Amino acid sequence: MLFQFGFYSSLLLITFSQGIIYSVLLLLKAICTANKSNYWLSVFIFLCSLFIAPWMLGFAGWYDNQPYRDILFYVPFQHLFFIGPVIYFYTQSLLNPSFLLTKKNFWHLIPGIFYVLYIVAIWIYDKYIFHGYYFYKDGMDKDFENWYHNCGMISMVVYFIASIRYYNLYRKLIVQVVSYADRVLFKWIKTYLYSFLIMLLLPLVFDAISIFYTELNSYTGSWWFFLFFSIIMYYIAIIGYANPIITKIPFEISVFDKKPALLLSGSMNTEATVIDIEHEVFEEQPSPEIDLWKTKIEMIISDQNLYQNPELTLTDLAKKLETNASVISKSINQGFGLNFNDFINNFRIEAVKTSFQKGEYKKSTLLGIAFDCGFNSKATFNRAFKKSTGLSPKEYIEKL
């Protein structure tokens, strides 16, 4: 197979091959762990690798030699209409274990499928009807046409915004239903979304720079764009492969509704619970019914030390009180003016303070005390303690 090794082709070959390798590794990881999000990240890295392939192969001599020239012309390497939906699906599958590629979601892939059919139609006409270059008489690869890149960019921006919206709704949801929200707010999501944003901004940055350095408009100058793009892709692949967190809270949520609702999936005999995460009201004077539930909630958490469970969820508490999660969520929100995560952390903080007052810190580490009281990380403990007391744990002990 033809491949002319040189400075430009070799560097892109390194990042391209690494992208393919990580795409395979992510696929294998998805199969071994049954983590669906790794399937979508594998597809994303694969699409990004294909995106740089024409430039890599072009510098390797493919556009100047047959049959390689026809391969580049008639094989769609740059699938811009697929990249946006895939990153959106990855965001959903990373946050929501119940996410599936349903018929409702499949329509997001229709533009990409139409583009593939468009290239196939061109190949059939040129190869079997015209017997020559009719659509390619200008010698320009269809993957590089302005309309395609502009529409593809718009598509990716739209899906990037949808991913941000989905993540923000998830953040509002997760503090309502789990007591370990800090652990599953996923710093990784911010990292890859920022990285994807840089990918989207790269064309604008290079266009701006090319005003002053016109050589960037040349074929060789454009190589720098694909090099930076491939470096960002490589970074996402490495960090994404190392991401160990798997979410456990299944839900359904609409990104586009003005009042998105959360549906917690119940068991076969339990109805899903609807919680309004956008418009929870913290009432100053709760109703008598809320006051009754407040007492029940406080008693069962204190008597059974439920806060010591580092993975306590709203559903767990609702089952203990033989009611549904919606009632408990509303009672905590309106009765205590807190979300579920902060409410349980307050119990943990009080337990830590009690241990400090008993001098337990002399016999155990601060982190050990925090873990015994239900915290699951040092960062979460320090942040919650500072938020509650205005002091760090060490400063609090010094005041004692």
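The residues of the range 115-144 that are basic (Lys, Arg) and more than 39 Å from the chain's Cα centre (by Cα), listed by number, are LYS127, LYS137.
Scan the range 338-347 for residues that are of a type in the set (D, E, K, R) and crowded, with 23+ Cβ neighbours inside 10 Å and the total you get is 0. Among residues that are at pLDDT 90 or above and farther than 30 Å from PHE59 by Cβ, LEU193 is included. The condition of being β-branched (Val, Ile, Thr), surrounded by 19 or more Cβ atoms within 10 Å (Cβ to Cβ) and part of a loop (DSSP other than H, G, I, E, B) does not hold for ILE236. Regarding ASN382, is this residue over 25 Å from THR315 (Cα atoms), part of a helix (DSSP H, G or I) and under 27 Å from the mean Cα position of the chain (by Cα)? Taking the combined requirement at face value, the residue satisfies it.
Considering the range 127-156, the residues that are touching a helix residue (DSSP H, G or I) at 6+ places or on another chain (Cβ under 8 Å) and among the acidic types (Asp, Glu) include one that is nearest to ASP70 (Cα to Cα), namely ASP141. Of the residues making up the range 170-181, at least one is under 11 Å from the mean Cα position of the chain (by Cα), crowded, with 17+ Cβ neighbours inside 10 Å and over 23 Å from GLN308 (Cα atoms). For TYR361, the conditions (1) surrounded by fewer than 18 Cβ atoms within 10 Å (Cβ to Cβ); (2) assigned to a helix (DSSP H, G or I); (3) over 31 Å from the mean Cα position of the chain (by Cα) are fulfilled apart from (1).
When each of GLU322, GLU350 is tested for being of a type in the set (D, E, K, R), surrounded by fewer than 18 Cβ atoms within 10 Å (Cβ to Cβ) and part of a loop (DSSP other than H, G, I, E, B), the lone residue that passes is GLU322.
With respect to GLN285, is the statement that it is modelled with pLDDT of 80 or more and of a type outside the set (Val, Ile, Thr) true? Against the criterion (modelled with pLDDT of 80 or more and of a type outside the set (Val, Ile, Thr)), GLN285 does not qualify.
The values are calculated or read from the model by the stated rules, or taken from the named source; none is laboratory data. Just so it is clear, the model here is predicted, and its values are computed rather than measured. Please note: Cβ atoms are built from the backbone with ideal geometry, for glycine as well, and neighbour counts cover all protein chains shown.
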